[in-house]
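Working notes for the structure below.
All of the numbers you see were taken from the coordinates with simple rules; none came from a lab. Since we're looking at a predicted model, the values are computed, not measured. Every residue, glycine among them, receives a Cβ derived from its backbone with ideal geometry; neighbour counts consider all protein chains shown.
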Amino acid sequence: MLEQATGTSHAKVILIGEHSVVYHQPAIALPLPAINITATLTKRAAGQLIISNEHSGELSEMSEAYEGIRQLITRLLRNFNATELSFTLRIDSLIPQERGMGSSAASAVAIIRAFFNFFEVELPDVELQRWANVEEMITHGSPSGIDAATTAHNKPVWFVKGSQPETIPMNLDATLILADTGVHGQTGLAVSVVRETLETNAQIAQPAIDALGELTRAAGVALEKNQVAELGAILNQAQTHLETLGVSHPKLDLLIAAARQAGALGAKLTGGGVGGAMIALTKTPAQTSAVIAALETVGAREIWTQQYTTTQ
């Protein structure tokens, strides 16, 4: 047992395949290593303190909203026969909550790594995923596993409903820009919109879902082969189909149009839609600066960037 240990993780974003993944088409999530989180576990004389942006106090006093994290920590302590251990767990996170960026899964992964490092126990990936699922099941009910898999790796994750997420190669030299509309995303509502559209207008909705599946497969190839322009075009096409399914939003449309006009190679919503966030792809620093300025001008609430290189 060490005196102090840390664990790290990072955010994730859905690149393509949201909503069509519900209907057994593939989806791809990308890691966002620049938007990270660190959990630091330190011995103390008494108490079990959790210090984070959302909670500062005893483990036993964590609110219902963080029951998944509390349960995870409690079970980790039991696993290491250390239920009476006195500690401070400090969680420093750059990941915004409720933006579809995997904040809860990333928190879990960082905490698990900190505990295993603290007790000097090897942590195989399958074990990490199993522990992360404890928190995700409590927090989200029936998680797909894509958040835990992507926040634990620096490679894209390929996901098909009913199958285990798997990492895929990435050889991409580009920048991904994420922008928050300021409108709270409503994933459940968006899923219902797609379902209703499929039931009442299948001749339009089904081809859109099928096309999103094909675009996701093409995106996987573009990621591996550093086909940045092709990937941008794929993102633009995906947005058109998502609009057909009814899950865009006027504020999303405004940000996406601004990004494209400023030189983005592609732009689309990410996650549930009906608000929430969008993504834009750029190739050069000049493009990135221009797109960020355009997004700020039209009222993006927050903006994040992730640069990928062919050496990752």
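Quick notes on this structure:
- Taking 0.36 nm per residue of separation and subtracting the current Cα-Cα distance, fully stretching the chain between ASN226 and THR167 would add 19.6 nm.
- Shape call, the stretch 27-175: gyration tensor on alpha carbons, a/c limit 1.5: prolate
- Dimensions of the stretch 174-308 from C-alpha coordinates, computed as largest minus smallest value along each principal axis and given longest first, are 45, 34, 20 Å.
- Helix 103-118 axis, angle to the chain major axis (alpha carbon atoms, nearest 10°): 30 degrees
- The overall shape of the chain, judged from the alpha-carbon gyration tensor, is prolate: a/c is not under 1.5, and a/b is greater than b/c.
- Cα-based shape type of the stretch 168-227, given that a ≥ b ≥ c are square roots of the gyration tensor eigenvalues and the cut on a/c is 1.5: oblate
- Residue among PRO207, THR187, GLN287 farthest towards the positive dipole end of the stretch 174-308, charges placed on Cβ: GLN287
- In the chain, the longest principal axis of the Cα atoms and the axis of helix 125-140 are about 80 degrees apart.
- Choice from GLU296, GLU135, GLU54 with maximal GNM fluctuation in the chain (Cα, 10 Å cutoff): GLU54
- Against the chain, whose longest principal axis is taken from its Cα atoms, helix 228-244 shows a tilt of about 80°.
- Note: relative contact order over the stretch 174-308, using C-alpha pairs below 8 Å and six or more positions apart, is 43 percent.
- Relative contact order, whole percent, for the chain stands at 22, derived from Cα pairs under 8 Å and 6 or more residues apart.
- Taken one residue at a time, the phi angles of the stretch 249-263 give Karplus couplings (6.51, -1.76, 1.60, θ = phi - 60°) of 7, x, 6, 4, 4, 5, 5, 5, 4, 5, 5, 5, 5, 7, x Hz. Gly and Pro are set to x.
- Under 28 Å between alpha carbons - lysine pairs in the chain that sit 8 or more apart or on different chains: 16
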